[in-house]
Amino acid sequence: MSQRRVIGHAEINGLYDRLIALVDRYPNQVEFARAAQIDVAQVSRWMNRQHQPRSFSIMRICALLNVSADWLLLGRGEIEFHKEDRT
């Protein structure tokens with residue numbers, strides 16, 4: 001039987017670090033919140049590491065920036081912003 005890995009403080013801090021890096025791609029938190037259709041107060045709480053994002057917010061962020069939830073949540077793989085083909 002394989003041993004389960006426990007998610008600890010290092011993994012949670014990694015989530016916050018990746019989330020902050022994504023928010024920082026926008027001019028400010030308000031612009032990010034507007035684009036992701038997430039309450040700006042919630043984004044502020046994430047930036048201050050006060051609350052963890054809920055699954056629906058993670059889905060919105062991943063869809064908006066076209067990043068994988070696996071990368072955002074667990075840091076697996078490299079961040080890769082996929083550009084849409086606009087031809």
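The values are calculated or read from the model by the stated rules, or taken from the named source; none is laboratory data. Keep in mind that what you see is a predicted model, and the values were worked out from it rather than measured. These accessible areas exclude ligands, DNA and RNA; they are computed on the full protein's heavy atoms, side chains included. Shrake-Rupley method; radii C 1.70, N 1.55, O 1.52, S 1.80 Å.
The table that follows gives values for the structure above.
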item: Tensor-based shape of region 1-67 (alpha-carbon gyration tensor, a/c under 1.5 rounded, otherwise prolate or oblate); result: prolate
item: Linear extension gain, F56 paired with A41, 0.36 nm per residue minus alpha-carbon span; result: 3.8 nm
item: With DNA, RNA and ligands ignored, accessible area of R45 (1.4 Å probe; Å², nearest 10); result: 80 Å²
